[in-house]
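Written below as structure tokens is the structure these notes are about.
The values are calculated or read from the model by the stated rules, or taken from the named source; none is laboratory data. None of these values were measured; they are calculated from a predicted model. When we count neighbours, we look across all protein chains shown, and the Cβ atoms used for this are built from the backbone with ideal geometry, even at glycine. Heavy atoms of the whole protein, side chains included, go into the accessibility calculation; ligands, DNA and RNA do not. Shrake-Rupley method; radii C 1.70, N 1.55, O 1.52, S 1.80 Å.
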Amino acid sequence: MKITLKELQIRNFKGIKELKVLPNGKDLKIYGDNATGKTTIFDAYLWLLFGKNSEDKKDFEIKTLDSNGDPIHFLEHEVGADLLVDGKLKQLKRTYTEKWVKKTGTIEKVLTGHTTVYHIDGVPVSQKEYQSMIGEIIDEEVFKMVSNLNYFTSLHWTKQREILIELVGGIDNDEIVEGDKKLESFIAAILNQGKTIEDYGKMISEKKKKIKKDLEEIPSRVDETDRVINSTPEVSKSDAEKELVRMDKEYDEVKKSLSDVSTRNENNEHLIREVARKKQKLVSIESDHERNVEYKNSEVKRMIANYKTDIEESEERIKRNTKSKEAVTMEIEKVKEKLSIAREEYKEMKSRSFKPPTDLVCHTCGQELPIDQKEELINKARTKFMGDCSVELETISNKGTRLHKSIKGNEAVNDGLTKKNEIERDGIDDRRVRIMNTPDVVVTKFTPTDEYKEIELEIKAMEKAVDQSADTSLLVGKLSDISQKKDFFKDLLYKYEVIEKSNSRRSELLEIEKDLNEELLSIEKDEFMIDNYNNKSIDLLEKKLNSKFELVSFKLFNKLVNGALEPTCEALVEGVPYRTNLNNGARINAGLDIINTLIDFYGFNAPIFIDNNESVTKLIDTKSQIISLFVSEDDKELRVE
């Protein structure tokens, strides 16, 4: 697939107010001084396709800025392009606008966000539809590799290496071992084991490390055995064996004598332990008697203490009852006084007589009332007087009844308290009598019982039966001396055993050393074959790869000091590293060379934007449309050719 740029329209994008570029599918040259917008054209083109700038960034400022560096608002930022995709026209447009909203209660509009509108062939579409269409035409990663001179070499070396090996299509073992029958046989043997060359190399490398470590340890182990072998004892092995037999016999004899004496002593010790046990029994009987007497005395003391406590509690209750009685008596006197007052009030109310009203005139005219009206008023007054007196007398009578009941109730309470005190005093008298009748503290001297006397007789008989114990310290000391001498000769015989084992171990270590050296030699031969295989595969791989480029060559492996190979990926131009020492002009042609090869591999090309093209005197041929950007100090505004 081939894509060319027919037309590019830019409006309010970064520093470009409005620009139309018309390459019409052909190469184009754009001239301008620094900061006139050359790179902005490339940014606009990439933003239209992928929403990113030439530095592969999504988050960058596309708005036009004022002299203070602030965005100019209320502008539409728009990029459109007419692309020829395999000769067919495809029109794209992306428009970025601000979203202003006037909120309730405010006068001015507020910037609340942004919207992006997409068009394909003049038809508005969603972002998803737009991106889907771009994805169908252009794979973004491939597009960057075939349109950006520096993109491929900016990838991580592992990614570059992966693409390049895929580009070569790999190499097979037949190509590597061709013409070397010995190497062919070696590689076939590894593959027949179901292993890869790399895995087999790792396996023998690990094995080699272990063999070398084992070989380093063998000399010190041999030295250890030599030191043991050279430490032969002064006493011969046969003399040591004879002396050990004699010592065993002497040891058994002394041990038998010690056993006899110990048996006799054990019998005496049994009698002595039994005497001690029986004496302890006598002490226990006496202790039981003392504890019994002490218990009885403590019971007597406890009873007397309880009686005294009962007396103190009764006296305390009598005091409380007496105080309560005095309080109740005072209350009775108060109530009696109230009752006397009520009786006087009752008598006074009873003695009252009705007095007819004297004010018997008309309140309106002031004339004396007729006789019948006078009598009616007098009767009403008498009836009211009699009713009021009756109510008052009943109230006083009820009050008197209540006071009388209160007096009776309090007198009953006092009688109850008097009876309680009498009961408490009877209880006090009873406790004092009990204290007087309680016997004094018991003190009883121990008198031996029949059991006690019998145990005493048994003790005397046992003490008489105990023999004089024999001293075993001499026999024990002799046994210890013999044991030490036996241990000495056992150690000698053990040393002879160790020497014999060391001789055997020394021979075994030397044989192991010989086998390990032979195995190491075999591994080193295999490593040489693998190195030969790897070197041939590297040479073949790099040769096949670099044959696909005109200027650039790639180094895929570094050879380390120890001869090992380390994977890498570095682009070179006549041996000069692309990343470090290559000048800008050489970089541009090297980038075109890489793009040409990638175009052939992916079957896809797209317009290539070349910045700083003035640094190259001649570009190598390429299949893609070239948009060249030249720095021109004389062109203060962009000039297109």
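Just to be sure I understand the filter: pairs with C-beta atoms under 7 Å, separated by 6 or more residues or on different chains, first member in segment 234-246 and among the β-branched types (Val, Ile, Thr), second member open to solvent by less than 50 Å² (accessible area, probe 1.4 Å) and part of a helix (DSSP H, G or I). Which pairs pass?
As it stands, the answer is 235/492, since those pairs meet every condition given.
Go through segment 226-251 and count every residue that is within 60 Å of the chain's Cα centre (by Cα) and of a type in the set (D, E, K, R).
So the answer is 2.
This table checks each residue for (1) loosely packed, with under 15 Cβ neighbours inside 10 Å; (2) part of a loop (DSSP other than H, G, I, E, B); (3) modelled with pLDDT of 80 or more.
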| residue | (1), (2), (3) |
| --- | --- |
| 444 | yes, yes, no |
| 448 | yes, yes, yes |
| 461 | yes, no, yes |
| 467 | yes, yes, no |
| 503 | yes, no, yes |
| 508 | yes, no, yes |
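Please go through segment 24-55 and pick out each residue that is of a type in the set (D, E, K, R) and touching a residue at least 12 places away in the same chain (Cβ under 8 Å).
26, 27, 29, 33, 38, 43
With the checklist (1) free of Cβ contacts under 8 Å to residues at least 40 places away in the same chain; (2) open to solvent by less than 50 Å² (accessible area, probe 1.4 Å) in hand, flag the one item residue 307 doesn't pass.
(1) is the only condition that residue 307 fails.
Among 349, 330, which is the only one that is in contact with an Asp or Glu (Cβ under 8 Å, 6 or more places away or on another chain) and among the hydrophobic types (A, V, I, L, M, F, W, C)? Break it down stepwise before answering.
Numbers: 330 fails: in contact with an Asp or Glu (Cβ under 8 Å, 6 or more places away or on another chain).
Only one candidate qualifies: 349.
Would you confirm whether or not segment 358-380 contains a residue that is among the hydroxyl-bearing types (Ser, Thr, Tyr), assigned to a helix (DSSP H, G or I) and out of contact with any helix residue (DSSP H, G or I) (no Cβ under 8 Å at 6 or more places or on another chain)?
Looking only at segment 358-380, we keep the residues that are among the hydroxyl-bearing types (Ser, Thr, Tyr), and these are 358, 364.
Subsequent filtering for residues that are assigned to a helix (DSSP H, G or I) retains none.
So far as segment 358-380 goes, no, none of its residues is among the hydroxyl-bearing types (Ser, Thr, Tyr), assigned to a helix (DSSP H, G or I) and out of contact with any helix residue (DSSP H, G or I) (no Cβ under 8 Å at 6 or more places or on another chain).
Take the conditions part of a helix (DSSP H, G or I), in contact (Cβ under 8 Å) with a residue 24 or more places away in the chain and either in contact with a strand residue (DSSP E or B) (Cβ under 8 Å, 6 or more places away or on another chain) or surrounded by fewer than 15 Cβ atoms within 10 Å (Cβ to Cβ) (or both) and apply them to residue 627. Does it pass?
no
Considering each residue of segment 1-38, count those that are surrounded by fewer than 19 Cβ atoms within 10 Å (Cβ to Cβ), out of contact with any Phe, Trp or Tyr (no Cβ under 9 Å at 6 or more places or on another chain) and closer than 17 Å to residue 148 by Cα, and give that number.
Number of matching residues: 1.
Could you tell me whether segment 537-544 includes any residue that is open to solvent by less than 30 Å² (accessible area, probe 1.4 Å), out of contact with any strand residue (DSSP E or B) (no Cβ under 8 Å at 6 or more places or on another chain) and not in a helix (DSSP H, G or I)? Break it down stepwise before answering.
The initial filter retains those residues of segment 537-544 that are open to solvent by less than 30 Å² (accessible area, probe 1.4 Å), namely 537-538, 541.
Still in the running and out of contact with any strand residue (DSSP E or B) (no Cβ under 8 Å at 6 or more places or on another chain): 537.
From what is left, the residues that are not in a helix (DSSP H, G or I) are none.
Among the residues of segment 537-544, not one is open to solvent by less than 30 Å² (accessible area, probe 1.4 Å), out of contact with any strand residue (DSSP E or B) (no Cβ under 8 Å at 6 or more places or on another chain) and not in a helix (DSSP H, G or I), which makes the answer no.
What are the residue pairs meeting all of these: first residue in segment 312-329, first residue closer than 11 Å to residue 425 by Cα and in a helix (DSSP H, G or I), second residue modelled with pLDDT under 90 and acidic (Asp, Glu), Cβ atoms under 6 Å, and 6 or more apart or on different chains?
314/424; 317/424; 318/424
Going by what's in this entry, would residue 55 be described as at pLDDT 90 or above and open to solvent by 60 Å² or more (accessible area, probe 1.4 Å)?
Criteria not met by residue 55.
Do you know which of the residues in segment 186-240 that are in a helix (DSSP H, G or I), open to solvent by 50 Å² or more (accessible area, probe 1.4 Å) and of a type in the set (Asp, Glu) is farthest from residue 535 (Cα to Cα)?
239
Is it the case that some residue within segment 153-173 is within 28 Å of residue 61 (Cβ to Cβ) and assigned to a helix (DSSP H, G or I)?
yes
Which residue pairs have Cβ atoms under 7 Å apart, sit 6 or more places apart or on different chains, and have a first residue in segment 250-275 that is farther than 22 Å from residue 486 by Cβ and a second that is open to solvent by 50 Å² or more (accessible area, probe 1.4 Å) and at pLDDT 70 or above?
Final answer for the pair search is 275/463.
Somewhere in segment 406-420, is a residue at pLDDT 90 or above, of a type in the set (S, T, N, Q) and either within 30 Å of residue 309 (Cβ to Cβ) or open to solvent by 70 Å² or more (accessible area, probe 1.4 Å) (or both)?
Yes, some residue in segment 406-420 is at pLDDT 90 or above, of a type in the set (S, T, N, Q) and either within 30 Å of residue 309 (Cβ to Cβ) or open to solvent by 70 Å² or more (accessible area, probe 1.4 Å) (or both).
In this structure, does residue 3 turn out to be closer than 20 Å to residue 116 by Cβ and out of contact with any Lys or Arg (no Cβ under 8 Å at 6 or more places or on another chain)?
no
Can you find even one residue in segment 90-106 that is under 30 Å from residue 1 (Cα atoms), touching an Asp or Glu at 6+ places or on another chain (Cβ under 7 Å) and of a type outside the set (D, E, K, R)?
Within segment 90-106, one or more residues are under 30 Å from residue 1 (Cα atoms), touching an Asp or Glu at 6+ places or on another chain (Cβ under 7 Å) and of a type outside the set (D, E, K, R).
Please work out which one of (1) within 29 Å of residue 529 (Cα to Cα); (2) open to solvent by less than 60 Å² (accessible area, probe 1.4 Å); (3) aliphatic (A, V, I, L, M); (4) part of a loop (DSSP other than H, G, I, E, B) is the condition residue 582 fails and give its number.
For residue 582, the failing item is (1).
Somewhere in segment 546-568, is a residue without any contact (Cβ under 8 Å) to a residue 40 or more places away in the chain, in a loop (DSSP other than H, G, I, E, B) and open to solvent by less than 50 Å² (accessible area, probe 1.4 Å)?
Taking every residue of segment 546-568 in turn, at least one turns out to be without any contact (Cβ under 8 Å) to a residue 40 or more places away in the chain, in a loop (DSSP other than H, G, I, E, B) and open to solvent by less than 50 Å² (accessible area, probe 1.4 Å).
To keep it simple, each residue is scored yes or no on (1) surrounded by 12 or more Cβ atoms within 10 Å (Cβ to Cβ); (2) at pLDDT 85 or above; (3) closer than 30 Å to residue 436 by Cα; (4) of a type in the set (Ser, Thr, Tyr).
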{"position": "300", "(1), (2), (3), (4)": "yes, no, yes, no"}
{"position": "311", "(1), (2), (3), (4)": "yes, yes, yes, no"}
{"position": "323", "(1), (2), (3), (4)": "no, yes, no, no"}
{"position": "350", "(1), (2), (3), (4)": "no, no, no, no"}
{"position": "362", "(1), (2), (3), (4)": "no, no, no, no"}
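Name the strands (runs of 3 or more DSSP E) wholly within segment 87-149 that hold at least 2 residues that are modelled with pLDDT of 90 or more and loosely packed, with under 11 Cβ neighbours inside 10 Å?
Result: 88-101, 110-120.
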